[in-house]
Amino acid sequence: MVCRACDDPPCAKVCPTGALNPREGGGVRLDITRCTGCGNCRDACIMGCVFWDDEINKPMICIHCGYCAKYCPHGVLRLETSKEGDYV
């Protein structure tokens, strides 16, 4: 499961500290310094795409960099540019 880059991300709406900020084109950016580890974002994600780092007790949020696509053994992940110039 990877972040689907929601246009109106429910994870950002429930963050009490503003650690998750909607990105232009969909998805969110995480300011880990503002995150308290409450878990609201994980619970709010309808796709189950907010994974949890138990060591630091904070979420792991996909930033759509494409790094994982290089290592997908099945070739099912890729990063493409949409017509608007955003990554999808």
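Every read-out reported here was derived from the displayed coordinates using simple, explicitly stated rules and does not represent laboratory data. Note that the structure is predicted; figures quoted are calculated from it, not measured. Glycine also receives a Cβ, built like all others from the backbone with ideal geometry; neighbour counts cover every protein chain displayed.
Residues considered: A69, A12, A44. Largest GNM mean-square fluctuation over the chain, using C-alpha springs under 10 Å, is found at A69.
Site pair R78 and I46 shows an inter-label distance of 2.8 nm when each label is modelled 7 Å from Cα along Cα→Cβ. Each Lys or Arg adds one and each Asp or Glu takes one away; over the other residues whose Cβ falls under 10 Å from the Cβ of P59, this sums to +1. Test of understanding: in a Gaussian network model of the chain with alpha carbons linked when under 10 Å, which of K70, K13, K58 would top the mean-square fluctuation ranking? Ranking K70, K13, K58 by mean-square fluctuation puts K70 first.
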